[in-house]
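Written below as structure tokens is the structure these notes are about.
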Amino acid sequence: MDIDLTPKLAKQVYGGDGGSYHAWCPNELPMLKEGNIGAGKLALTKNGFALPRYSDSAKVAYVLQGSGVAGIVLPEKDEKVVAIKKGDSIALPFGVVTWWYNKEDPELVVLFLGDTKTAHKAGSFTDMYLTGSNGIFTGFSTEFVSRAWDVEESVAKTLVSSQTAKGIVKLDAGFQMPEPKQANRDGMVLNCEEAPLDVDIKGGGRVVVLNTKNLPLVGEVGTGADLVRLNGSAMCSPGFSCDSALQVTYIVRGSGRVQVVGPDGKRILETHLKPGNLFIVPRFCVVSKIADPDGMDWFSIITTPNPKFTNLAGKVSPWKSLSPQVLQASFKVAPEVEKHFSSKRTAEEVFFPPPN
């Protein structure tokens with residue numbers, strides 16, 4: 001496999017006093033285009049407001065830092081104003097209109113990952129803004145806008161031309177935005193740092209999986225997701241997605257090493273990961289990670305709403321199911337070597353604590 005899998009950092013696309021938007025470029029990270037995956041990051045300063053927009057792609061949003069408010073309008077539904085905070089995941093189906101607001105310090109930072117099969121450009125999100133200097137209605141004539149909205153042409157001109165910023169603005173400190181309702185979080189938001197753990201290995205790590213059971217809208221987005229927190233110096237078992245899905249991984253906190261092996265048995269990636277890195281594991285390739293002493297957290301999407309994995313080490317690996325004779329013949333080893341191998345990793349699964 002000759003495609004470059006090297007993890008990359010996002011680059012700023014636009015920004016101003018209210019914040020900035022960053023994205024990963026498919027020219028620098030070719031697997032984005034190859035796998036039809038988009039990735040972006042919104043950062044809002046205090047009083048920063050991301051203008052209403054819709055996207056050409058369904059996405060999963062994950063709050064990396066801070067707290068704020070999001071407005072979400074599903075097609076032909078009423079607006080839901082939702083309080084968001086660090087650790088929140090939000091499924092954003094195709095056609096949803098959203099806005100984002102940060103009332104306080106520190107910065108509100110939101111990661112977006114999703115499928116770009118419906119997008120204008122493979123591997124990139126394109127947002128369509130409802131207002132602003134590049135808003136959709138700036139392209140229509142005043143006559144069309146006034147008739148569509150049933151207002152005088154002078155009012156239509158004012159509505160379309162008054163907001164001169166692009167994408168993100170900074171509101172006055174005293175401006176009152178809509179207040180969120182706690183009930184609006186139900187079915188819309190799942191906090192991955194507070195949700196019940198799907199995997200909890202003492203000294204190894206923890207996982208929360210985002211799927212159609214705990215966040216039904218994931219089914220409309222078409223991707224599952226998970227938050228993995230790997231303990232210091234612990235190892236994540238070598239494994240692969242057994243349903244042909246791609247794994248798109250963003251390093252949230254900490255650092256560590258990763259190795260990826262391709263179908264021909266050759267190592268196609270070996271590197272050190274740091275916060276902000278994004279990388280993609282191709283279909284059926286095997287990946288494993290070892291955290292540095294401070295541990296490592298990552299958020300991933302998997303290009304299927306209910307992902308399945310096969311781990312190639314630990315008590316749930318296929319090795320534990322194969323008969324001794326098959327193992328001896330496959331490895332071409334004596335029975336005593338096979339017995340030694342089979343006696344290891346009989347209790348651990350997925351994550352392995354550091355050696356004593």
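The values are calculated or read from the model by the stated rules, or taken from the named source; none is laboratory data. If you're wondering where the values come from, they're calculated on a predicted model, not measured in any experiment. With ideal geometry, Cβ positions are generated from the backbone for all residues, glycine too; neighbour counts draw on all protein chains shown. Keep in mind that these areas ignore ligands, DNA and RNA; they rest on the heavy atoms of the full protein, side chains included. Shrake-Rupley method; radii C 1.70, N 1.55, O 1.52, S 1.80 Å.
General remarks:
- Which listed residue is of a type in the set (D, E), under 19 Å from the mean Cα position of the chain (by Cα) and open to solvent by 10 Å² or more (accessible area, probe 1.4 Å), from E179, E194: E194
- Exactly one residue out of L64, L113, L5 is within 30 Å of G265 (Cβ to Cβ), touching a Leu at 6+ places or on another chain (Cβ under 9 Å) and either assigned to a loop (DSSP other than H, G, I, E, B) or open to solvent by 20 Å² or more (accessible area, probe 1.4 Å) (or both), and it is L5.
- The set of residues in segment 123-154 being open to solvent by less than 60 Å² (accessible area, probe 1.4 Å) and among the β-branched types (V, I, T) consists of T126, T131, T142, V145, V151.
- Within segment 312-339, the set of residues being open to solvent by less than 40 Å² (accessible area, probe 1.4 Å), within 20 Å of I201 (Cα to Cα) and in contact with a helix residue (DSSP H, G or I) (Cβ under 9 Å, 6 or more places away or on another chain) comprises A313, G314.
- Hey, S162 under 27 Å from the mean Cα position of the chain (by Cα) and polar (S, T, N, Q) or not: no
- Enumeration of residues in segment 217-234 that are within 19 Å of P307 (Cα to Cα), open to solvent by 20 Å² or more (accessible area, probe 1.4 Å) and either of a type in the set (G, A, S) or without any contact (Cβ under 8 Å) to a residue 60 or more places away in the chain (or both): G219, G222
- Residues (farther than 15 Å from K59 by Cα and either assigned to a helix (DSSP H, G or I) or open to solvent by less than 40 Å² (accessible area, probe 1.4 Å) (or both)) located in segment 31-46: M31, K33, E34, A43, L44, T45
- Sole residue being buried (at least 16 other Cβ atoms within 10 Å of the Cβ), polar (S, T, N, Q) and within 19 Å of P355 (Cβ to Cβ), chosen from S241, S300, S237, S255: S237
- Hey, V199 among the hydrophobic types (A, V, I, L, M, F, W, C), surrounded by 14 or more Cβ atoms within 10 Å (Cβ to Cβ) and more than 25 Å from D88 (Cβ to Cβ) or not: no
- Of all the criteria given as (1) without any contact (Cβ under 8 Å) to a residue 60 or more places away in the chain; (2) under 16 Å from the mean Cα position of the chain (by Cα), the one not satisfied by P318 is (2).
- Considering segment 267-292, the residues that are charged (D, E, K, R) and modelled with pLDDT of 95 or more include one that is most open to solvent (accessible area, probe 1.4 Å), namely R267.
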